Amino acid sequence: MKKLINILDFLPEELENEIKPMFHVKQLCQWIYQKYVDDFDSMSSLSKDLRLKLGQKYHFSPLQCVNFLQSQDGSIKYLFELNDGLRIEAVLLPMKKEKFDEKGKRISHTKYTLCISSQVGCRSGCSFCLTAKGGLKRNLSAGEIVGQVLWIKKHNKIPYEHRVNIVYMGMGEPLDNLKNVSKAVRILAHNDTFAISPRRQTISTSGLAKQIKELGQMNLGVLLAISLHAVNDALRTELMPINKAYNIASIMSAIREFPINQRKRIMFEYLLIDNINDKREHAKELVKLLNGIKAKVNLILFNPYEGSIYKRPCMQKALEFQKFMREKGITCTIRESKGLDILAACGQLKQRSEEL
Ligand code: SF4
(Lines give C-alpha, C1' and ligand atoms only; values in the text may rest on other atoms or scores of the structure.)
Protein backbone atom coordinates (compact mmCIF):
# COMPACT_ATOMS: atom_id res chain seq x y z
CA MET A 1 0.00 0.00 0.00
CA LYS A 2 1.20 3.52 -0.81
CA LYS A 3 2.56 5.34 2.23
CA LEU A 4 0.53 8.41 3.08
CA ILE A 5 2.25 11.77 3.56
CA ASN A 6 1.60 13.94 6.62
CA ILE A 7 -0.18 17.04 5.34
CA LEU A 8 0.78 18.93 8.54
CA ASP A 9 4.35 18.99 7.19
CA PHE A 10 3.39 21.64 4.65
CA LEU A 11 2.87 25.38 4.71
CA PRO A 12 -0.43 26.31 3.04
CA GLU A 13 1.37 27.88 0.05
CA GLU A 14 3.28 24.62 -0.52
CA LEU A 15 -0.03 22.84 -1.04
CA GLU A 16 -1.18 25.32 -3.62
CA ASN A 17 0.61 23.58 -6.51
CA GLU A 18 -1.55 20.59 -5.95
CA ILE A 19 -4.76 22.01 -4.59
CA LYS A 20 -5.74 24.85 -6.84
CA PRO A 21 -7.03 27.49 -6.38
CA MET A 22 -5.58 28.79 -3.10
CA PHE A 23 -9.12 29.22 -1.84
CA HIS A 24 -9.41 25.44 -1.51
CA VAL A 25 -6.20 25.31 0.49
CA LYS A 26 -7.66 27.88 2.88
CA GLN A 27 -10.81 25.78 3.24
CA LEU A 28 -8.76 22.64 3.85
CA CYS A 29 -6.71 24.41 6.53
CA GLN A 30 -9.87 25.68 8.21
CA TRP A 31 -11.19 22.13 8.45
CA ILE A 32 -7.95 20.79 9.91
CA TYR A 33 -6.69 23.59 12.15
CA GLN A 34 -9.77 25.56 13.02
CA LYS A 35 -12.68 23.12 13.01
CA TYR A 36 -10.58 20.15 14.16
CA VAL A 37 -12.23 17.79 11.67
CA ASP A 38 -10.35 14.51 11.54
CA ASP A 39 -11.11 12.96 8.16
CA PHE A 40 -11.10 14.27 4.62
CA ASP A 41 -14.55 12.80 3.94
CA SER A 42 -16.22 15.19 6.38
CA MET A 43 -14.80 18.31 4.71
CA SER A 44 -18.05 19.12 3.02
CA SER A 45 -17.01 22.37 1.35
CA LEU A 46 -14.38 20.52 -0.73
CA SER A 47 -15.44 18.68 -3.85
CA LYS A 48 -15.78 14.91 -3.64
CA ASP A 49 -12.96 14.49 -6.17
CA LEU A 50 -10.59 16.62 -4.16
CA ARG A 51 -11.46 14.83 -0.91
CA LEU A 52 -10.77 11.51 -2.60
CA LYS A 53 -7.48 12.74 -4.06
CA LEU A 54 -6.37 14.11 -0.70
CA GLY A 55 -7.31 10.91 1.15
CA GLN A 56 -5.26 8.82 -1.30
CA LYS A 57 -2.14 10.87 -0.74
CA TYR A 58 -2.22 12.46 2.72
CA HIS A 59 -3.04 11.86 6.38
CA PHE A 60 -3.02 14.28 9.26
CA SER A 61 -2.61 12.03 12.30
CA PRO A 62 1.12 11.81 12.92
CA LEU A 63 0.62 10.71 16.53
CA GLN A 64 -1.79 9.22 18.99
CA CYS A 65 -2.02 9.67 22.73
CA VAL A 66 -1.13 6.50 24.64
CA ASN A 67 -1.12 7.89 28.17
CA PHE A 68 -1.68 11.09 30.04
CA LEU A 69 -1.44 12.34 33.58
CA GLN A 70 -3.25 15.30 35.03
CA SER A 71 -1.67 17.25 37.84
CA GLN A 72 -3.55 18.76 40.76
CA ASP A 73 -2.57 22.17 39.40
CA GLY A 74 -4.41 21.44 36.13
CA SER A 75 -1.41 20.75 33.88
CA ILE A 76 -1.68 17.64 31.74
CA LYS A 77 1.22 15.64 30.49
CA TYR A 78 0.70 13.57 27.34
CA LEU A 79 2.64 10.62 26.08
CA PHE A 80 2.28 10.36 22.31
CA GLU A 81 3.16 7.48 20.05
CA LEU A 82 4.37 8.42 16.59
CA ASN A 83 3.51 6.39 13.53
CA ASP A 84 6.80 4.46 13.73
CA GLY A 85 6.10 3.48 17.36
CA LEU A 86 8.55 5.92 18.98
CA ARG A 87 7.26 8.02 21.84
CA ILE A 88 7.43 11.67 22.82
CA GLU A 89 5.89 13.91 25.45
CA ALA A 90 4.07 17.22 25.52
CA VAL A 91 2.52 19.19 28.36
CA LEU A 92 -0.47 21.51 28.53
CA LEU A 93 -0.02 24.15 31.20
CA PRO A 94 -2.96 26.35 32.18
CA MET A 95 -1.26 29.64 33.11
CA LYS A 96 -4.12 32.00 33.99
CA LYS A 97 -7.71 31.15 34.77
CA GLU A 98 -10.59 32.68 32.83
CA LYS A 99 -11.97 35.92 34.29
CA PHE A 100 -15.52 37.18 34.62
CA ASP A 101 -16.89 40.67 35.30
CA GLU A 102 -19.35 41.41 38.11
CA LYS A 103 -22.28 40.48 35.85
CA GLY A 104 -20.79 37.07 35.20
CA LYS A 105 -19.72 37.90 31.63
CA ARG A 106 -16.44 36.29 30.65
CA ILE A 107 -13.80 38.95 30.03
CA SER A 108 -10.81 36.70 29.37
CA HIS A 109 -10.24 33.07 28.54
CA THR A 110 -7.96 30.60 30.27
CA LYS A 111 -4.42 31.19 29.06
CA TYR A 112 -2.51 28.09 28.07
CA THR A 113 1.10 27.29 27.35
CA LEU A 114 1.94 24.16 25.39
CA CYS A 115 5.34 22.63 25.95
CA ILE A 116 6.18 20.49 22.94
CA SER A 117 8.94 18.11 21.84
CA SER A 118 11.24 18.60 18.88
CA GLN A 119 13.16 15.30 18.84
CA VAL A 120 12.73 11.72 19.97
CA GLY A 121 15.42 11.64 22.67
CA CYS A 122 18.26 14.12 22.69
CA ARG A 123 22.01 14.11 22.24
CA SER A 124 22.84 17.10 24.43
CA GLY A 125 23.40 14.80 27.39
CA CYS A 126 22.41 17.11 30.26
CA SER A 127 23.19 15.28 33.48
CA PHE A 128 19.92 16.26 35.19
CA CYS A 129 17.68 15.13 32.34
CA LEU A 130 15.95 11.80 31.80
CA THR A 131 15.53 12.35 28.05
CA ALA A 132 19.31 12.49 27.72
CA LYS A 133 19.70 8.95 29.02
CA GLY A 134 18.51 7.21 25.85
CA GLY A 135 20.43 9.47 23.43
CA LEU A 136 18.93 10.78 20.21
CA LYS A 137 16.62 8.48 18.25
CA ARG A 138 15.56 10.88 15.53
CA ASN A 139 14.37 14.39 14.69
CA LEU A 140 10.66 15.11 14.59
CA SER A 141 9.30 16.36 11.29
CA ALA A 142 7.63 19.79 11.22
CA GLY A 143 4.28 18.01 10.95
CA GLU A 144 4.95 15.88 14.03
CA ILE A 145 5.73 19.06 15.97
CA VAL A 146 2.60 20.81 14.65
CA GLY A 147 0.61 17.61 15.32
CA GLN A 148 1.24 17.88 19.08
CA VAL A 149 -0.36 21.35 19.12
CA LEU A 150 -3.27 20.20 16.97
CA TRP A 151 -3.95 17.15 19.13
CA ILE A 152 -3.80 19.04 22.43
CA LYS A 153 -5.94 21.97 21.24
CA LYS A 154 -8.50 19.65 19.73
CA HIS A 155 -8.81 17.19 22.62
CA ASN A 156 -9.01 19.94 25.20
CA LYS A 157 -11.59 21.76 23.09
CA ILE A 158 -9.50 24.91 23.04
CA PRO A 159 -11.19 26.97 20.35
CA TYR A 160 -9.07 28.00 17.41
CA GLU A 161 -9.28 31.70 18.26
CA HIS A 162 -7.94 31.25 21.79
CA ARG A 163 -4.28 31.99 21.42
CA VAL A 164 -1.84 29.70 23.18
CA ASN A 165 1.83 30.13 23.89
CA ILE A 166 4.22 27.54 22.56
CA VAL A 167 7.48 26.58 24.21
CA TYR A 168 9.86 24.22 22.43
CA MET A 169 11.00 22.84 25.74
CA GLY A 170 9.81 19.22 25.71
CA MET A 171 12.02 16.34 24.63
CA GLY A 172 14.95 17.22 22.46
CA GLU A 173 17.18 20.17 21.61
CA PRO A 174 15.15 22.30 19.16
CA LEU A 175 18.22 23.89 17.58
CA ASP A 176 19.63 20.45 16.79
CA ASN A 177 16.57 20.13 14.53
CA LEU A 178 16.53 23.73 13.34
CA LYS A 179 15.22 23.07 9.83
CA ASN A 180 12.05 21.32 11.02
CA VAL A 181 11.53 23.45 14.11
CA SER A 182 11.77 26.70 12.11
CA LYS A 183 9.29 25.29 9.64
CA ALA A 184 6.92 24.31 12.46
CA VAL A 185 7.18 27.89 13.80
CA ARG A 186 6.13 29.20 10.38
CA ILE A 187 3.29 26.69 9.98
CA LEU A 188 1.91 27.43 13.47
CA ALA A 189 2.17 31.18 12.83
CA HIS A 190 0.40 31.06 9.47
CA ASN A 191 -2.91 32.91 9.36
CA ASP A 192 -4.59 29.96 7.65
CA THR A 193 -3.57 27.54 10.41
CA PHE A 194 -3.36 28.54 14.10
CA ALA A 195 -2.03 32.10 13.68
CA ILE A 196 0.20 31.71 16.73
CA SER A 197 2.49 34.70 16.42
CA PRO A 198 6.21 33.91 16.61
CA ARG A 199 6.26 36.30 19.58
CA ARG A 200 4.20 33.66 21.39
CA GLN A 201 6.65 30.91 20.45
CA THR A 202 9.77 30.39 22.53
CA ILE A 203 12.66 28.24 21.41
CA SER A 204 14.58 26.93 24.36
CA THR A 205 18.11 25.76 23.75
CA SER A 206 20.91 24.21 25.75
CA GLY A 207 23.13 26.77 24.00
CA LEU A 208 24.11 25.67 20.48
CA ALA A 209 25.88 28.93 19.68
CA LYS A 210 26.24 28.26 15.94
CA GLN A 211 22.54 27.50 15.52
CA ILE A 212 21.55 30.48 17.69
CA LYS A 213 23.30 32.60 15.06
CA GLU A 214 21.52 30.77 12.23
CA LEU A 215 18.15 31.16 13.95
CA GLY A 216 18.88 34.88 14.39
CA GLN A 217 19.65 35.20 10.68
CA MET A 218 16.28 33.62 9.85
CA ASN A 219 14.65 36.55 11.65
CA LEU A 220 11.52 34.57 12.47
CA GLY A 221 10.61 36.82 15.40
CA VAL A 222 10.60 33.97 17.89
CA LEU A 223 11.64 34.36 21.50
CA LEU A 224 14.77 32.69 22.73
CA ALA A 225 15.37 30.94 26.03
CA ILE A 226 18.78 29.70 27.05
CA SER A 227 19.16 26.88 29.54
CA LEU A 228 22.20 28.33 31.26
CA HIS A 229 22.11 26.60 34.65
CA ALA A 230 25.69 27.44 35.54
CA VAL A 231 27.89 30.52 35.45
CA ASN A 232 31.30 29.02 34.87
CA ASP A 233 32.45 26.55 32.25
CA ALA A 234 33.69 23.92 34.69
CA LEU A 235 30.32 23.53 36.40
CA ARG A 236 28.35 23.99 33.19
CA THR A 237 30.33 21.25 31.44
CA GLU A 238 29.65 18.96 34.38
CA LEU A 239 25.91 19.64 34.17
CA MET A 240 25.69 20.03 30.39
CA PRO A 241 28.41 18.29 28.36
CA ILE A 242 27.35 20.29 25.27
CA ASN A 243 29.26 23.13 26.96
CA LYS A 244 32.50 21.51 25.72
CA ALA A 245 31.43 22.32 22.16
CA TYR A 246 29.83 25.68 22.95
CA ASN A 247 31.20 27.34 26.05
CA ILE A 248 29.53 30.18 27.91
CA ALA A 249 31.51 32.90 26.08
CA SER A 250 30.45 31.57 22.66
CA ILE A 251 26.80 31.44 23.75
CA MET A 252 26.90 35.00 25.06
CA SER A 253 28.49 36.24 21.87
CA ALA A 254 25.76 34.56 19.74
CA ILE A 255 23.08 36.05 21.99
CA ARG A 256 24.45 39.55 21.63
CA GLU A 257 23.81 39.29 17.88
CA PHE A 258 20.34 37.76 18.19
CA PRO A 259 17.54 40.06 16.96
CA ILE A 260 14.95 40.67 19.64
CA ASN A 261 11.82 42.74 19.68
CA GLN A 262 12.20 46.08 21.53
CA ARG A 263 9.81 45.01 24.26
CA LYS A 264 11.13 41.49 24.67
CA ARG A 265 14.03 39.93 26.49
CA ILE A 266 16.19 36.85 26.21
CA MET A 267 15.10 34.38 28.82
CA PHE A 268 17.82 32.66 30.83
CA GLU A 269 16.63 29.47 32.46
CA TYR A 270 18.57 28.70 35.59
CA LEU A 271 17.89 25.39 37.26
CA LEU A 272 18.64 25.75 40.95
CA ILE A 273 20.22 22.57 42.29
CA ASP A 274 20.78 22.24 45.99
CA ASN A 275 24.35 23.15 46.99
CA ILE A 276 25.55 22.97 43.38
CA ASN A 277 24.72 26.34 41.82
CA ASP A 278 22.39 28.10 44.26
CA LYS A 279 24.81 30.19 46.32
CA ARG A 280 25.34 33.95 46.52
CA GLU A 281 28.67 33.64 44.61
CA HIS A 282 26.78 32.04 41.69
CA ALA A 283 24.21 34.84 41.66
CA LYS A 284 27.04 37.40 41.58
CA GLU A 285 28.69 35.69 38.60
CA LEU A 286 25.37 35.53 36.80
CA VAL A 287 24.86 39.27 37.16
CA LYS A 288 28.31 39.87 35.64
CA LEU A 289 27.60 37.52 32.75
CA LEU A 290 24.34 39.22 31.82
CA ASN A 291 25.81 42.69 31.82
CA GLY A 292 24.53 44.60 28.74
CA ILE A 293 22.02 41.92 27.67
CA LYS A 294 18.25 42.51 27.79
CA ALA A 295 17.75 39.49 29.98
CA LYS A 296 15.15 37.93 32.15
CA VAL A 297 16.16 35.15 34.52
CA ASN A 298 13.79 32.34 35.28
CA LEU A 299 14.78 30.28 38.28
CA ILE A 300 13.56 26.71 38.29
CA LEU A 301 13.79 24.51 41.33
CA PHE A 302 15.18 21.15 40.29
CA ASN A 303 12.43 18.55 39.89
CA PRO A 304 13.89 15.40 41.46
CA TYR A 305 13.29 12.00 39.93
CA GLU A 306 14.02 8.53 41.22
CA GLY A 307 17.73 7.81 41.15
CA SER A 308 18.72 11.43 40.50
CA ILE A 309 21.98 12.51 42.15
CA TYR A 310 20.80 16.11 42.52
CA LYS A 311 18.46 17.55 45.12
CA ARG A 312 15.85 20.26 45.13
CA PRO A 313 16.87 23.38 47.10
CA CYS A 314 14.46 24.91 49.60
CA MET A 315 12.31 27.83 48.48
CA GLN A 316 14.14 30.18 50.85
CA LYS A 317 17.35 29.75 48.83
CA ALA A 318 15.49 30.47 45.59
CA LEU A 319 13.96 33.61 47.12
CA GLU A 320 17.38 34.84 48.25
CA PHE A 321 18.85 34.22 44.78
CA GLN A 322 15.92 36.08 43.22
CA LYS A 323 16.23 38.99 45.65
CA PHE A 324 19.90 39.42 44.79
CA MET A 325 19.18 39.45 41.04
CA ARG A 326 16.39 41.99 41.48
CA GLU A 327 18.57 44.25 43.62
CA LYS A 328 20.99 44.31 40.70
CA GLY A 329 18.18 45.40 38.35
CA ILE A 330 17.62 42.06 36.60
CA THR A 331 14.08 40.81 36.09
CA CYS A 332 13.96 37.49 37.84
CA THR A 333 11.09 35.09 38.37
CA ILE A 334 10.78 31.74 40.06
CA ARG A 335 8.96 29.31 37.82
CA GLU A 336 6.16 27.53 39.54
CA SER A 337 6.94 23.86 39.41
CA LYS A 338 3.80 22.93 37.60
CA GLY A 339 3.12 19.25 37.34
CA LEU A 340 5.49 18.23 40.10
CA ASP A 341 3.09 15.44 41.00
CA ILE A 342 2.96 14.18 37.41
CA LEU A 343 6.70 14.06 36.72
CA ALA A 344 6.70 17.06 34.42
CA ALA A 345 10.45 17.38 33.98
CA CYS A 346 11.25 16.33 30.44
CA GLY A 347 11.41 12.63 29.73
CA GLN A 348 9.88 11.50 32.99
CA LEU A 349 6.50 10.27 31.74
CA LYS A 350 8.14 8.40 28.89
CA GLN A 351 10.68 6.85 31.23
CA ARG A 352 7.99 5.78 33.70
CA SER A 353 5.84 4.26 30.94
CA GLU A 354 8.82 2.18 29.81
CA GLU A 355 9.35 0.94 33.35
CA LEU A 356 5.75 -0.27 33.67
S1 SF4 B 1 17.52 19.10 29.16
FE2 SF4 B 1 16.80 19.38 27.04
S3 SF4 B 1 18.72 19.73 25.89
FE4 SF4 B 1 19.32 18.78 27.83
S5 SF4 B 1 19.39 16.57 27.39
FE6 SF4 B 1 17.33 17.06 28.21
S7 SF4 B 1 16.09 17.36 26.39
FE8 SF4 B 1 18.22 17.53 25.74
*Can you pull out the residues in the stretch 211-230 that are under 15 Å from residue 183 (Cβ atoms) and not in a loop (DSSP other than H, G, I, E, B)?*
211, 214, 215, 218
_Odd one out for residue 100, checked against (1) among the hydrophobic types (A, V, I, L, M, F, W, C); (2) in contact with a Leu (Cβ under 9 Å, 6 or more places away or on another chain); (3) modelled with pLDDT under 90_ = (2)
*asked:* Scan the stretch 172-194 and tell me whether some residue there is within 26 Å of residue 283 (Cβ to Cβ) and in contact (Cβ under 8 Å) with a residue 24 or more places away in the chain.
replied: no
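Being closer than 30 Å to residue 12 by Cβ and either hydrophobic (A, V, I, L, M, F, W, C) or not assigned by TED's automatic domain parsing to the domain that holds residue 116 (or both), is that true of even one residue in the stretch 225-245?
yes
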*Looking only at the stretch 171-193, which residues are open to solvent by 20 Å² or more (accessible area, probe 1.4 Å) and aliphatic (A, V, I, L, M)?*
189
*Which number in (1) small (Gly, Ala, Ser); (2) farther than 30 Å from residue 33 by Cβ; (3) surrounded by 16 or more Cβ atoms within 10 Å (Cβ to Cβ); (4) away from the ligand (no atom under 16 Å from the Cβ) marks the one condition that residue 206 misses?*
(4)
*Working only within the stretch 92-143, note down all residues that are away from the ligand (no atom under 16 Å from the Cβ) and surrounded by 15 or more Cβ atoms within 10 Å (Cβ to Cβ).*
92, 93, 94, 109, 110, 111, 112, 113, 114, 141, 142, 143
*Assuming residue 264 fulfils every condition listed in (1) closer than 24 Å to residue 166 by Cα; (2) in contact with a strand residue (DSSP E or B) (Cβ under 7 Å, 6 or more places away or on another chain); (3) open to solvent by less than 40 Å² (accessible area, probe 1.4 Å); (4) assigned to a loop (DSSP other than H, G, I, E, B) apart from one, which condition is it?*
(3)
*Only one residue in 160, 168 is in the same structural domain as residue 79 (by TED's automatic domain parsing) and open to solvent by less than 40 Å² (accessible area, probe 1.4 Å), so which one is that?*
168
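The values are calculated or read from the model by the stated rules, or taken from the named source; none is laboratory data. Quick caveat: nothing in here was measured; it's all calculated off a predicted structure. Don't worry about glycine lacking a Cβ; one is built from the backbone with ideal geometry, like all the others, and counts go over all protein chains shown. Keep in mind that these areas ignore ligands, DNA and RNA; they rest on the heavy atoms of the full protein, side chains included. Shrake-Rupley method; radii C 1.70, N 1.55, O 1.52, S 1.80 Å.
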